[in-house]
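The values are calculated or read from the model by the stated rules, or taken from the named source; none is laboratory data. Model, not experiment: these values are computed from the prediction. Positions of Cβ are backbone-derived with ideal geometry, glycine not excepted, and every protein chain shown enters the neighbour counts. What goes into the accessible areas is simple: the full protein's heavy atoms, side chains included, and nothing from ligands, DNA or RNA. Shrake-Rupley method; radii C 1.70, N 1.55, O 1.52, S 1.80 Å.
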Amino acid sequence: MASDKTSELSVITLGGKGSSLSSSSLYAIATGYASLRLDSSALDRLSSPSSNPASPPVQSQFPIPKTLAPLELRAFLTVLLYKLLRSDHSTLLPIRISEALNKFKNSQLDETLELGSIELSKEEASLVEKLYPSGLFGVSAVLDHESAALSAVSDAVAALSCEAIKADVAAVFNSMDSGDGFSAKEEVGVASDMKVLLNGSKLVGKVEIDSVSKMAKVHGSLREIVKLVHSKTRIELNSKDLGSGSDVRTVLYPLAAAINELGVCSLSRVKANLDSISNEGLRSSLVSLLEGKCASGEGLRNGFKLVLELGFEKEYEKFVHQVNVLLGMVWKIVAWEAMTGFIALEGVEWSEKSGSSVEVNGGVGGGNVKGDKKGEKKKKVLLGKGTSVIVQLIKDRLQGKACDGIEKWVDDLLMFLDPKDREFDSLLKKLKELVETNESRRLPKLPKGTRDFAKEQMTIRKRAFSIIEDVFERHGATALDTPAFELRETLMGKYGEDSKLVYDLADQGGELCSLRYDLTVPFARYVAMNGLTSFKRYQIAKVYRRDNPSKGRYREFYQCDLDIAGQYEKMGPDFEIVKILTELLDELQIGDYEIKLNHRKLLDGMLDICGVPPEKFRTICSSIDKLDKQPFEQIKKEMVEEKGLSVETADEIGTFVKERGQPLELLSKLKQQGSKFLGHNGSVNALNDLEILFKALEVSKCIDKVVFDLSLARGLDYYTGVIFEAVFKGGAQVGSIAAGGRYDNLIGMFGAKQVPAVGVSLGIERVFAIMEQLQKDQSQAPRATKTEVLVSILGDDLTQAAELVSELWNAKVKAEYFVNKRVMKHIDRARESRIPWMVIVGEREMNEGIVVLKDVEAAKEDKIPRSRLVEELKSRLNL
């Protein structure tokens with residue numbers, strides 16, 4: 001396809017070498033904004049003697065799809081023409097069809113084409129019959145073009161509604177990419193565009209509306225499906241293969257569902273916009289017009305239901321037509337949303353222009369007209385940078401029509417948002433430029449798998465770190481810090497199959513380095529490098545993993561580790577490590593949890609008993625380690641098909657890994673006469689170790705948190721003894737929240753003598769997620785600041801503020817200052833930051849040598865001599 005411009009219409013050429021047909025060019029032809037020209041090479045071929053027999057016998061007249069609307073029919077015929085040009089048959093039909101298509105103009109959209117006079121030979125009739133289903137993709141192309149436009153327009157219109165109804169858009173913005181790989185791409189795109197459109201708005205963020213909260217999901221779903229429809233339609237338009245009605249149905253079913261869902265949400269916002277218009281007469285007029293000119297919720301449901309029925313009955317012509325009807329209904333709903341949103345925001349101003357006095361939305365967009373006095377300054381309302389442009393576009397369209405009345409506004413705006421309108425492309429272009437070129441769009445973004453933490457989150461994290469450090473130091477551990485990156489050789493060969501997740505740094509012409517994967521290997525390196533024989537240390541630091549981000553799984557995250565290295569009484573350090581873990585999880589108050597525990601030697605004994613070759617122990621352990629995420633049948637398939645075990649061996653492993661229960665009870669069962677473990681020396685030693693450990697945990701009153709679980713494997717290569725993993729049992733699905741075990745050979749791998757060690761690592765990021773959710777569920781917003789006093793200077797005297805707040809700082813009082821002439825600004829600042837005390841100083845207080853001490857929560861004020869302020873505050877703060 002090629003395109004050029006004439007004075008009125010563009011010209012689209014079909015049939016040339018390498019030409020293709022797009023939805024946009026087909027739409028231009030179908031709507032009459034482009035005329036059709038056949039390439040000269042195609043004309044030469046079509047007019048050759050072989051393609052134009054002298055007297056073709058007349059067999060039938062051209063079949064006209066009776067169900068299709070005129071626009072749909074023209075799209076249908078354009079595809080049929082293009083398919084005929086690409087066929088190997090010689091026929092003059094393309095010329096006849098192009099002549100018919102070129103006879104009408106955009107102003108004749110509702111007129112039907114006269115094709116009945118086109119007579120077909122038997123061969124042509126057969127060819128048209130074969131290509132007939134492919135023509136339905138012409139309607140698909142119309143739907144592709146208009147639904148893509150709807151996706152862009154509906155986002156902009158929804159942003160208007162958010163301001164008109166003062167909606168809380170936090171749920172929409174929360175759909176921004178969190179970096180955990182769990183965000184839907186198109187939902188993130190919607191959230192990003194909404195942030196651009198509403199940037200700087202002072203109207204949003206107050207009222208929770210369901211149709212706004214679902215916006216990112218609903219609009220994002222439409223975006224995703226529109227892209228799929230576009231891709232499939234483009235392929236079908238240009239394919240030589242014959243399409244079918246079922247192919248069209250497969251493409252358009254999900255589009256119809258997405259359009260319907262968008263219509264439901266948009267209609268809900270229309271009603272919310274109407275409710276926000278406080279002038280009853282104006283609202284009543286709009287409601288009356290809405291009922292006559294816009295689809296109702298029931299009409300939308302029936303339209304979607306008919307789409308489903310026609311698709312099921314395989315009435316494909318009626319099906320594609322009804323999907324287009326449904327799209328038209330939703331376009332009108334979105335146009336109504338734009339109209340009602342605009343009137344809710346700007347109706348006062350436009351009503352003034354028309355000479356009537358009405359009150360709209362409590363005065364938004366021009367103030368309360370009924371209560372305004374002549375010449376009184378109206379309160380300026382700040383719209384978003386994007387929505388203010390949209391409002392201006394609507395004003396420009398309605399310029400000079402303020403006196404025409406509401407019905408004329410509605411009709412004109414419905415036409416303005418009609419994709420067949422000549423000015424629509426200009427509108428769409430401006431909307432796209434708005435979100436693509438806005439400076440907010442250029443803000444940097446986070447790499448996947450990483451996050452920023454706001455002040456409220458940092459409050460929770462600091463409190464958690466404080467608890468963790470307190471527990472660690474209670475047990476005599478000292479702090480250690482190591483580099484964020486190590487020599488690559490230090491990390492390699494320590495993590496089994498997970499070694500592929502180590503982040504390698506680019507070679508800078510010196511040493512080959514990698515970001516640390518955990519804190520355990522750097523600890524072992526430190527002990528070996530410094531020749532230590534005993535060391536109890538803790539470390540809280542970030543680690544890095546080249547993993548696929550998912551819910552609760554990040555590429556950069558904190559670990560909180562405590563390790564005990566050295567020779568001690570048998571199982572002593574193992575007991576203390578597990579006890580420390582229970583103390584941590586109890587004091588962090590995250591809720592119910594369990595600690596799954598096993599022994600690596602017992603696991604190796606199990607594999608040996610089942611007949612697994614020793615060289616496959618570690619790789620089979622990696623498979624078993626996935627049992628908390630995948631069913632055994634899937635693990636069995638991996639062990640047999642990928643790792644070469646026999647089915648019998650895999651089944652026997654399955655009988656062992658199903659064993660789990662209360663530690664001492666299951667231990668007793670495994671030590672009973674006849675147990676297969678008793679014939680294996682390594683397993684017997686492991687069972688004896690576990691008996692000592694379980695009895696110590698029992699007398700320390702924490703064994704009720706422990707589950708003996710033979711399916712626990714821990715895939716890391718360096719474990720040699722006890723292994724354990726803590727799992728949260730509450731509502732949030734976060735997986736493992738802590739893990740650890742004994743590693744007696746790791747330190748010796750660095751060339752030093754063997755120093756046995758055992759440790760625990762707390763998955764603090766997942767714990768944070770639980771703590772944040774608990775606070776959210778309890779409606780407890782953490783206080784982000786520790787400020788106890790706000791020094792409020794009524795005026796603009798910085799020196800007065802500096803003198804007063806410095807006295808408080810010198811007395812170790814946590815204080816902030818604020819300089820502003822308006823007292824309510826100070827009170828709002830104190831309430832928002834939840835600062836308990838205010839020291840208020842204005843001109844009168846300065847002259848009298850006093851300050852006003854205000855208890856913010858109790859709303860009680862006392863006048864205090866300026867000289868006694870510090871003393872009085874320290875008394876009230878118990879300092």
If you consider only alpha-carbon coordinates, what radius of gyration and Dmax does the chain have, in Å?
36.6, 116
Run the reach check for LYS432 against aspartates and glutamates, Cα to Cα strictly under 14 Å, same-chain hits fewer than 8 apart removed. What comes back?
ASP155, ASP193
List the relative contact order of the chain as a percent without decimals, with contacts defined as Cα pairs under 8 Å and 6+ residues apart.
9 percent
May I have the convex hull volume per residue, in Å³, for the Cα set of the range 574-642?
113 Å³
Could you check how much of the accessible area of the range 514-640 is carbon and sulfur, as a whole percent, using a 1.4 Å probe?
45 percent
Under a point-charge model restricted to the Cβ atoms of Lys and Arg (+1) and Asp and Glu (-1), what is the dipole moment magnitude of the chain relative to its Cα centre, in debye to the nearest 20?
1100 debye
Charge dipole of the range 561-609 built from unit charges on the beta carbon (Lys, Arg +1; Asp, Glu -1), centred at mean Cα; most positive-end Cα among LEU585, HIS599, ILE564 is HIS599
Distance between the range 522-596 and the range 798-826 - C-alpha centres, whole angstrom
44 Å
Report, for the chain, the % of DSSP beta bridges that are antiparallel, rounded to 5.
70 percent
In Hz, Karplus ³J(HN,Hα) per residue of the range 593-602 (6.51, -1.76, 1.60; θ = phi - 60°; x = Gly, Pro)
8, 9, 10, 7, 9, 8, 10, 4, 5, 5
Among ILE840, SER622, ALA686, pick out the residue whose Cα is farthest towards the positive end of the charge dipole of the chain, where Lys and Arg carry +1 and Asp and Glu carry -1 on C-beta, about the Cα centre.
ILE840
State whether the range 627-739 is rounded, prolate or oblate according to the following rule on the C-alpha gyration tensor (a ≥ b ≥ c being the square roots of its eigenvalues): a/c under 1.5 gives rounded; otherwise a/b larger than b/c gives prolate, and the remaining case gives oblate.
oblate
Contact order relative to length of the range 247-330, as percent, for alpha carbon pairs under 8 angstrom and 6 or more apart
49 percent
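When only DSSP loop residues count, what GluC sites (Glu not before Pro) in the range 825-879 have their Cβ near at most 16 other Cβ atoms within 10 Å?
Numbers: sites: GLU832, GLU843, GLU845, GLU848, GLU857, GLU861, GLU871, GLU872; in loops: GLU857.
Qualifying residues, ordered by number: GLU857.
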Would you please put 185-191, 285-291, 211-217 in order of how densely packed they are, using the mean number of other Cβ atoms within 10 angstrom per residue and starting with the highest?
211-217, 185-191, 285-291
Between the range 213-280 and the range 418-437, what is the C-alpha centre distance in whole Å?
18 Å
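So, with +1 on the Cβ of K and R and -1 on the Cβ of D and E, and no other charges, what is the size of the charge dipole of the range 426-579 about its Cα centre, to the nearest 20 debye?
Dipole of the range 426-579, to the nearest 20 debye: 920 debye.
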Given LYS601/LYS671; LYS408/LYS429; LYS448/LYS542; LYS227/LYS448; LYS122/LYS240; LYS629/LYS729, which pairs have Cα atoms separated by over 18 Å?
LYS408/LYS429; LYS227/LYS448; LYS122/LYS240
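Order of 475-483, 675-683 by packing, highest average Cβ count within 10 Å first?
Going by the mean number of other Cβ atoms within 10 Å, highest first, we get 675-683, 475-483.
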When the chain is fully extended, how far beyond the present Cα-Cα distance does LYS860 get from LEU242, taking 0.36 nm per residue of separation?
214.3 nm
If I take every Cα pair under 8 Å that is 6 or more residues apart in the range 443-555, average their sequence separation and divide by the length, what percent do I get for the relative contact order?
32 percent
What value does the range 591-693 have for Rg/Rh, both radii from Cα atoms and Rh as Kirkwood defines it?
0.97
With N residues in the range 416-487, what two-decimal value do you get for its Cα radius of gyration over 2.2 N^0.38 Å?
2.29
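Give me the percent of DSSP beta bridges within the range 725-879 that run antiparallel, rounded to the nearest 5.
60 percent
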Excluding residues on the same chain fewer than 8 positions from LYS821, give the aspartates and glutamates whose Cα lies under 13 Å from its Cα.
ASP796, ASP797, GLU843
Given R₀ = 51 Å, what would the calculated FRET efficiency be for GLU698 paired with ALA454, taking r from the Cβ atoms and rounding to 0.05?
0.70
Over the alpha-carbon set of the range 502-645, work out the extent along each principal axis and list the three values in angstrom, largest first.
47, 43, 36
Direction-averaged shadow area of the convex hull around the Cα atoms of the range 281-329, nm²?
3.4 nm²
Using only the alpha-carbon atoms of the range 437-570, report the extent along each of the three principal axes, biggest first, to the nearest angstrom.
67, 41, 26
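Could you tell me the number of lysine pairs in the range 256-334 with C-alpha atoms less than 20 Å from each other, where the two lysines are 8 or more residues apart or belong to different chains?
6
Explain nothing, just the number: dipole magnitude of the range 496-549 about its Cα centre with +1 on each Lys and Arg Cβ and -1 on each Asp and Glu Cβ, in debye rounded to the nearest 20.
About 340 debye.
If you count, for each residue, the other Cβ atoms within 10 Å and average over each peptide, how do 269-280, 453-464, 563-574 line up from highest to lowest?
269-280, 563-574, 453-464
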Calculated FRET efficiency, GLU665 and LYS643, Cβ-Cβ r, R0 35 Å, to nearest 0.05?
0.60
Figure the gain on full extension for SER24 and SER87 (residue separation times 0.36 nm, minus the Cα-Cα span) and round it to one decimal in nm.
20.4 nm
Where a Cα-Cα gap under 19 Å defines reach, which lysines qualify for LYS860, not counting those fewer than 8 residues away within the same chain?
LYS825, LYS874
Ordered by residue, what ³J(HN,Hα) values in Hz, to whole numbers, does the range 750-764 give under the Karplus form 6.51 cos²θ - 1.76 cosθ + 1.60, where θ = phi - 60° and Gly and Pro are x?
8, x, 8, 6, 5, 10, x, 8, 9, x, 9, 10, 8, x, 5
Please calculate how many Å² of accessible area the chain carries per residue, with a 1.4 Å probe and no DNA, RNA or ligand atoms counted.
47 Å²
